[in-house]
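Remarks on the structure that follows.
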Amino acid sequence: MNDLAETGNMKKHPMGLLLELSAGSRGLYLIACASLLAAIACNFLLPQLIRFLVDSVNGVPASKMPVVARIAGLAGLDSGFARGGGLTRAGLLVVAVACVGGAFNFAHRKALALGAEGLVKRLRDRLYSRIQRMPFEWHTSIQTGDIVQRCTSDVDIVRNFVFNQAIEIGRAVVLVTFAYGILFPMNFVMAAASFAFIPVVFFYSFIFLKKASSHFLAADEAEGQLLAIAQENFSGVRVVRAFGRERYEADRFAAQNAYFAELWMKLGSMLSSYWGAGDLLTGIQMLAICAAGTFQAVAGGITVGEFMVFLTYNSMIIWPVRGLGRVLSEAGKTLVSLGRLGEILDAPVETDPDDALETPISGDIEFDRVSFSYGDVPILKNVSFTVREGTTLGILGDTGSGKTTIAYLLCRLYDLREGDGAIRIGGVDIRGYKRAFLRENVGIVLQEPFLYSRTLAENVAGLSKSFSGEHIREAARISHVDAEIERFANAYDTIVGERGVTLSGGQKQRVAIARAVLRMTPIMIFDDSLSAVDTETDARIRAALRERVRGVTTVIISHRITTLSGADRVIVMENGEIAETGTPAELTERGGIYRRVLDLQQSVDDGLPAVGGR
């Protein structure tokens, strides 16, 4: 059964991904391109009008460009326009063309901004939706800081490229094509002198892009590592303070920050070299044009107006071409970012077969010769047991013996590979159920529960708005956290710090238990979720739970024997295998692992030295 789906048969090229994301904004991009062409046309027309005016003042025949001559004629201008109101009309014509060009430029930027933001919104939505459907194993294999960095910095790089850089490439191509299409017919020598430098700049920019791309990738990855370190430190602030690790964490961050800064300094040196060489090329080009123009003017091969047009057009095209290296370097960064984002968008996600079940979940839970490994490390080895419907199973075992893995497998956070056994509920393989439906019916409370940075009421309700305040308080009373919540200044409206940092470990566990009780699923798993409360509170919570969850199939994982004493049956895990199984009374009488752990814990509770045992 294939439960993971790819986005396609093969990984998309980064630019292919960009084109796919632009699907909903292509109309806006067409408007932006058309407006850009119109704006460029106006920008090219202005120097020609000025040339026409300057040459007309000097008594030079009218422009050879039909479009310019036609516009001048419509404006009532001729070679004698300087007399009467001709000069005023000429000035107004230049202003009008400039205003039209400005209006088209505004339309271009507006349409481009709307298109770019639409593209980035779709990208963010796809990323977030994709991450929500990633397998649990994927989340455990990648750092949170790296995910955040990809979804923020990399997305911003894509937005900047789409909004600012991509259009500059098109602008440079159009400007070069239009300009030299006009300049070569005007004066071949000067146009050739100007154009000779363009291929050199293009080639130099391309070489720079190839060299810079790998450095941008290294810097991007280093930034992800830096964010990961910061995120770990902020999330684990209690542990850092409790163990006096502030200096160590500061040094670790400083070392990564120094490496990150070093990478960007190397990139800065590369960029400085590029811009320095570009300035030199630009200066040589301007010198060549001025020299050629001077010789042409002395020889009478060019008019003053034409010389002005050459200088104006050259300044118009030299900076887009000059900035091509910057644009291409941004393109290099964008390709790297798109590649990193594509790793998320192309990664396999959890899916369900078309015939997946959503029928009521009931019946016995059966683990049938289940084996499981994390990579090459075996965790469970041919484990078989049955939990009768409505009963409670207790699981005891050393750290790493496979207790929590049993809970994860039952929730399908991990899937069994073919040939590694089966897990059934009511005789139905759990792989036959829809994942979301199964998880809605299997409640789990973890030893380290996650709490939202919201109110206590919202945390108990799991952010759901379908539960009344009385239901929330009743669930809190069952988990014996209601009295403590009421002692807070704002009671259930108290805002919980990030990840519940303002609560004690026991309070967090009890809020999580209240959340599970409120959902009242047919199967409930408590994974060492009472480890942070005292034994007396533990006993009261278990008594209240037995009353409330009567008829619910329950799995309790714990290191504490007293927590497991009320279970109908207990299995003892050792090295991924079931070492013992039976009722608490049977295991106590048997004198095996369970009894030794019981004796050890009782001796500690009685204040006696713990001798022997496990």
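Every read-out reported here was derived from the displayed coordinates using simple, explicitly stated rules and does not represent laboratory data. Since the structure is predicted, the reported quantities are computational estimates derived from the model, not experimental observations. Cβ coordinates were reconstructed from backbone atoms using ideal geometry, including for glycine residues, and neighbour counts include every protein chain displayed.
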Evaluate E = 1/(1 + (r/R0)^6) for Phe450 and Ser269, where r is the Cβ-Cβ distance and R0 equals 51 Å; express this FRET efficiency to the nearest 0.05. 0.70
Which links in Lys121/Lys465; Lys381/Lys434; Lys266/Lys333; Lys381/Lys403 stretch past 20 Å when you go from one Cα to the other? Lys121/Lys465; Lys381/Lys434
Please give me the summed charge of the neighbours of Leu518: other residues whose Cβ is under 14 Å from its Cβ, Lys and Arg +1, Asp and Glu -1. +2
List, in order, the whole-Hz ³J(HN,Hα) value for each residue of the range 378-392 obtained from phi through the Karplus relation with A = 6.51, B = -1.76, C = 1.60 and θ = phi - 60°; use x for Gly and Pro. x, 10, 10, 10, 6, 8, 9, 6, 10, 10, 5, 4, x, 9, 10
Under 12 Å, Cβ to Cβ, from Gly427 - net charge with Lys/Arg +1 and Asp/Glu -1: -4
Working out 0.36 nm times the residue gap between His471 and Phe106, then minus their Cα-Cα distance, what length gain in nm do you get to one decimal? 125.8 nm
Quick check: pseudo-label points 7 Å beyond the Cα along Cα→Cβ at Glu246 and Asn575, how many nm apart are they? 4.6 nm
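Net charge around Arg473, counting only other residues with Cβ within less than 10 Å of its Cβ (Lys, Arg = +1; Asp, Glu = -1)? Numbers along the way, then the final one.
Details: positive: Arg477; negative: Glu470, Glu474, Asp482, Glu486.
Value of the local net charge: -3.
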Give me Phe488, Phe367, Phe450 sorted ascending by neighbouring Cβ count inside 10 Å, so fewest comes first. Phe450, Phe488, Phe367
Which whole-number percent gives the relative contact order of the range 365-605, counting Cα pairs below 8 Å spaced six or more residues apart? 27 percent
Based on the alpha carbons, how large is the Rg to Rh ratio for the range 97-169 when Rh follows Kirkwood? 1.20
Defining a contact as two alpha carbons under 8 Å apart and six or more residues distant in sequence, what relative contact order in percent does the range 93-227 show? 37 percent
Taking 0.36 nm per residue of separation and subtracting the Cα-Cα distance, what length does fully extending Arg487 through Glu137 add? 122.0 nm
Multiplying the sequence separation of Glu418 and Lys211 by 0.36 nm and subtracting their Cα-Cα distance, what value in nm do you get? 69.9 nm
Using only C-alpha positions, report the orientation-averaged shadow area of the convex hull of the range 365-605, nm², one decimal. 13.5 nm²
